[in-house]
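Reading through the structure tokens given below for one structure.
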Amino acid sequence: MNSIIKLSDNAASRIKEIMSSAEKNAIGVRVSVKSGGCAGMSYVMEYSKEINPNDEVIEDKGVKVYIDSAAVMYLLGTEMDYKKEEFSSTFVFNNPNETISSPRSCRALTQQRQSESF
């Protein structure tokens with residue numbers, strides 16, 4: 001079975017850094033979705049402090065990412081990357097399944113970004 005999401009080397013490295021300074025009760029990073037954003041959904045990242053019974057657990061490149069069960073159908077085939085620029089850094093979700101009717105209303109839909117909040 002293919003993984004729900006794939007982590008780039010940069011994303012895995014950044015998650016390792018984040019987890020090295022996380023609270024003791026954090027067991028990994030959770031990805032979920034909420035209403036909003038260009039395609040009607042946006043990605044949410046937060047520390048995971050427990051395993052929810054319906055979570056999908058992705059173990060890749062030495063890190064654990066917990067996928068909220070409600071997010072699975074929105075994340076299938078997605079690559080999670082991490083980009084660092086001169087004045088900002090962000091996780092980027094490259095999701096081949098996202099579509100939009102008006103390219104002008106949201107230029108970079110294929111790279112919806114979740115600002116780092118850790």
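The values are calculated or read from the model by the stated rules, or taken from the named source; none is laboratory data. Note that the structure is predicted; figures quoted are calculated from it, not measured. Note that each Cβ is placed from the backbone with ideal geometry, even for glycine, and that neighbours are counted across all protein chains shown.
Exactly one of these conditions fails for residue 110: (1) touching a Gly at 6+ places or on another chain (Cβ under 7 Å); (2) modelled with pLDDT under 65. Give me its number. All conditions are met except number (1). Close Cβ contacts (under 9 Å, 6 or more residues apart or on different chains) running from residues in region 3-19 that are over 12 Å from residue 91 (Cβ atoms) to residues that are of a type in the set (S, T, N, Q) and not in a helix (DSSP H, G or I) comprise 4/78; 6/78. When each of 11, 71, 26 is tested for being over 15 Å from the mean Cα position of the chain (by Cα) and either surrounded by 15 or more Cβ atoms within 10 Å (Cβ to Cβ) or of a type in the set (Ser, Thr, Tyr) (or both), the lone residue that passes is 26.
Residues in region 77-96 that are exposed (fewer than 15 other Cβ atoms within 10 Å of the Cβ) and part of a loop (DSSP other than H, G, I, E, B): 77, 85, 86, 87, 88, 96.
For region 28-41, the count of residues that are modelled with pLDDT of 85 or more, touching a helix residue (DSSP H, G or I) at 6+ places or on another chain (Cβ under 9 Å) and part of a loop (DSSP other than H, G, I, E, B) is zero. Here the condition is being under 19 Å from residue 15 (Cα atoms), at pLDDT 90 or above, of a type in the set (A, V, I, L, M, F, W, C) and in contact with an Asp or Glu (Cβ under 8 Å, 6 or more places away or on another chain); of 58, 67, it holds for 67 alone. Scanning region 20-43 for residues that are in contact (Cβ under 8 Å) with a residue 60 or more places away in the chain and within 13 Å of residue 80 (Cβ to Cβ) turns up just one, 43.
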